[in-house]
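Bear in mind these aren't lab numbers, they're just calculated from the coordinates by the rules spelled out. These numbers were taken from a predicted model, which means no experiment stands behind them. Ideal geometry is used to build each Cβ from the backbone, glycine not excepted, and the neighbour counts take in all protein chains shown.
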Amino acid sequence: MTALSMPWNTRLRELAKRCQFLQALSLYAQMLRHGDHPNAFTFPFALKSCAALSLPILGGQFHGQIIKVGCESEPFVQTGLLSMYCRGSLLGNARKVFDEKSQSRKLTVCYNALISGYVSNSKSSDAVLLFRQMNEEGVPVNSVTLLSLIPVCVSPINLELGLSLHCSTLKYGLDSDVSVVNCFITMYMKCGSVNHAQNLFDEMPEKGLISWNAMVSGYAQNGLATNVLELYHNMELHGIHPDPFTLVGVLSSCANLGAQSVGREVELKIQASGFTNNQFLNNALINMYARCGNLTKAQALFDEMPERTLVSWTAIIGGYGMHGHGEIAVQLFEDMIRSGIVPDGTAFVSVLSACSHAGLTSQGMEYFKMMGGNYQLEPGPEHYSCMVDLLGRAGRLNEARNLIESMAIEPDGAVWGALLGACKIHQNVKLAELAFERVVELEPANIGYYVLLSNIYNDTKNSKGVLRIRIMMKERKLKKDPGCSYVELKGRVHPFVVGDRSHPQAEEIYSVLEELEALVQEFGEAKRADREESNKDLFAGAAGVHSEKLAVAFGLLNTTAGTEVVVIKNLRICEDCHLFFKIVSKIVHRQLTVRDATRFHHFRNGSCSCKDYW
DNA sequence: GTAGGGTTAG
């Protein structure tokens, strides 16, 4: 209040504005030592610093001083207290501050502070209740209210509320607020309503960078990688400069598409824009190179990083695991722990799957025990499916089954699917039938499992079984999944689906494929002899034309001798294609690499790098 | 002179 305290407040405000919260707090202490008194203009900044540094205990002491000074009913002080308690997860204290406030003086900002506090502490139902109360009391709703509340609606369960919020924007006059629209775009994307999001975006008269980013990330999260690249290209045409948020989404899509040369362009862009120290971008780059099969580059980037986070380690460990370098993945996991980084559930998924791919059974079992034993991590279905895979591949089928039956949580389709896959390797029909029964309950439309069991029947010369599955599929009207394969060539991604003739080179591609098929047939006669006709006509699809075969034919057609052809497939490659690639790699003397849902298969001179399943 | 909010990687 005194003239003397003025400069303190000004300096405090400046520090808080620059996010130098520690310095702000020490200035506050300095002020007290100096004998000057804080006032209603001091506390908001002191409280904000406590909130930012998560120091609710210190904030509570400030609360005491606020009462002593007698400015607890100042709106700015009150909202400061609310947000400080919310940030420190002391929601009870926040509610007390809120309820003590006289009805007449409750402002929109107070509601907003508490609503956002509830949301960020995962108390969404309390947030919704408070929002209802706000409406009943006639307190004006503004854009910040919506921005806090919309993220509650990101799960399809709350989409109803999201839709009603969206409808009410017109009433509040907030339908043209760019931030609000951005938030709705994100909401629709997270609910999987890509079309809704797209319409909103298209109709925006003024799009901000965040609007573009919301679309890029949304497409990426929904697996629409080609849309991401298209949008990124569009941004360039519109003269919009991407920021790290944009580039992370683009890199993640490059990783999914195996579009290494587009990813390389993004890397150059990162360097040109001065984003090289961005942790998110560096992790996304490592992930992209690792998933595109360039482990050398991924490792080099990892080594150069000034600071490696858990995400960086997980990306590189997963990269080695995918390629079957289990020993390196395990070594890296050990290095990570030694460097003091505490693994989370995702890190365990990457090391467990690396172990299962490389046949490191006992090592994987030890890691699984470590989760609960050393890190208090509850294994999820994704960890169990790794373990079932691990035990199953090692032929320990009964242990795998017992593990599933001991699960405290409900097993999902992937868990039973892993058991079914293991039964295929070890030809255990009885257990396969059990696993199949469970898995089709959980994922009745996933055709892969029907194919797997039918192949088991076929391997064991059980033509009745094959017929039974065929009838079952017909009854359920299941068609062969149109799996998509991609080949990246000269910075462009070329997608192929079964029976697709839309590619400009379609005629040439099909004639190359025909030649290859004829050669393969000649070469593989002996190997094919034991496959029964009944199975052939069921799964051969459009005369054996699978998307990955089209992609390989395209790749061979457009590259020169000596170049490796890399195909990305979004599902597991089928047995037929596996055999096809083996033989083609021998006939044309080229290395073919196919990445399917979980791993890389390197085909060279008639053999494949992976030793299981086929 | 002051407060409340949205988009990101494994």
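Examine the stretch A:63-71 for a residue that is more than 30 Å from A:His166 (Cβ to Cβ), more than 7 Å from DNA strand B (Cβ to nearest atom), buried (at least 21 other Cβ atoms within 10 Å of the Cβ) and not β-branched (Val, Ile, Thr), and state whether such a residue exists. Checking the stretch A:63-71: at least one residue is more than 30 Å from A:His166 (Cβ to Cβ), more than 7 Å from DNA strand B (Cβ to nearest atom), buried (at least 21 other Cβ atoms within 10 Å of the Cβ) and not β-branched (Val, Ile, Thr).
The rows are residues; the columns are (1) outside any helix (DSSP H, G or I); (2) crowded, with 22+ Cβ neighbours inside 10 Å.
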| residue | (1), (2) |
| --- | --- |
| A:Arg13 | no, no |
| A:Gln30 | no, no |
| A:Ser54 | yes, no |
| A:Gln61 | no, no |
| A:Ser83 | no, yes |
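Residues in the stretch A:333-381 that are within 16 Å of DNA strand B (Cβ to nearest atom) and of a type in the set (Phe, Trp, Tyr): A:Phe333, A:Phe348, A:Tyr367, A:Tyr375.
Selection over the stretch A:453-481 of residues that are closer than 22 Å to A:Gly499 by Cα and among the hydrophobic types (A, V, I, L, M, F, W, C) gives a count of 2. Pairing each residue of the stretch A:65-89 that is on the phi > 0 side of the Ramachandran plot with any residue that is within 13 Å of DNA strand B (Cβ to nearest atom), provided the two are 6+ apart or on different chains, yields C-beta distances under 7 Å for A:Ser89/A:Asn121. Filtering the stretch A:555-614 to residues that are part of a loop (DSSP other than H, G, I, E, B), of a type in the set (Phe, Trp, Tyr) and more than 28 Å from the chain's Cα centre (by Cα) leaves only A:Trp614.
Rundown of residues vs (1) in contact with a Pro (Cβ under 7 Å, 6 or more places away or on another chain); (2) more than 8 Å from DNA strand B (Cβ to nearest atom), yes/no style:
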| site | (1), (2) |
| --- | --- |
| A:Gly35 | no, yes |
| A:Ala51 | no, no |
| A:Gly59 | no, yes |
| A:Gly80 | yes, no |
| A:Cys86 | no, no |
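Counting only helices (runs of 4 or more DSSP H) wholly contained in the stretch A:134-192, the ones carrying 2 or more residues that are near DNA strand B (Cβ under 8 Å from one of its atoms) and under 30 Å from the mean Cα position of the chain (by Cα) occupy A:143-149, A:178-190.
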